[in-house]
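A short worksheet on the structure shown next.
The values are calculated or read from the model by the stated rules, or taken from the named source; none is laboratory data. Being a predicted model, the structure only gives us computed values, none of them experimental. Here the Cβ is made from the backbone with ideal geometry for all residues, glycine too, and neighbour counts use every protein chain on show.
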Amino acid sequence: MSRFGRDRRLLKTDEFSSVFNFRCSVRGEFLQVLGKRNDLSQARLGIVVSKKLAKQAVRRNTMKRLVRETFRLNDGELAGLDVIVWPRQAFGHEEAAVVRAEMLELFRRIRRKCRASSSP
């Protein structure tokens, strides 16, 4: 079982900014996923959930937990990418299956799009 350690997270403002500035993005009903190639053998994840979207901390944490767990179980297909997941619509346990399926599809699309756009 793989853990979600610090080496698999985007931690610094500069790391987040470089992904936001690269502008490689795909969007679904619940989520927007931004990506950028990194020079590592593994994928790294950043999550942005605003208070405007989900006022209660427990709701924001539930959303982040679902995103982290889905990423952790499927990060092999994103190796070499920095990814930011940005919820565009609040969701909870009720929509978990739909959000997971959307996230996996967005991961496939962002992998293709970022690798194509970063090639010379």
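Here are the numbers for this structure:
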| read-out | value |
| --- | --- |
| Test for E77: is it part of a helix (DSSP H, G or I), of a type in the set (D, E), closer than 17 Å to F4 by Cβ and in contact with a helix residue (DSSP H, G or I) (Cβ under 7 Å, 6 or more places away or on another chain) | yes |
| Residue in the stretch 51-71 that is touching a residue at least 40 places away in the same chain (Cβ under 8 Å) and of a type outside the set (D, E, K, R) present | yes |
| Filter result for L104 (modelled with pLDDT of 95 or more, assigned to a helix (DSSP H, G or I), closer than 11 Å to V33 by Cα and touching a helix residue (DSSP H, G or I) at 6+ places or on another chain (Cβ under 9 Å)) | yes |
| L45 being touching a strand residue (DSSP E or B) at 6+ places or on another chain (Cβ under 6 Å), of a type in the set (A, V, I, L, M, F, W, C) and assigned to a helix (DSSP H, G or I) | no |
| Selected residue (only one of E77, E95, E69 is surrounded by 14 or more Cβ atoms within 10 Å (Cβ to Cβ), more than 19 Å from F16 (Cα to Cα) and charged (D, E, K, R)) | E95 |
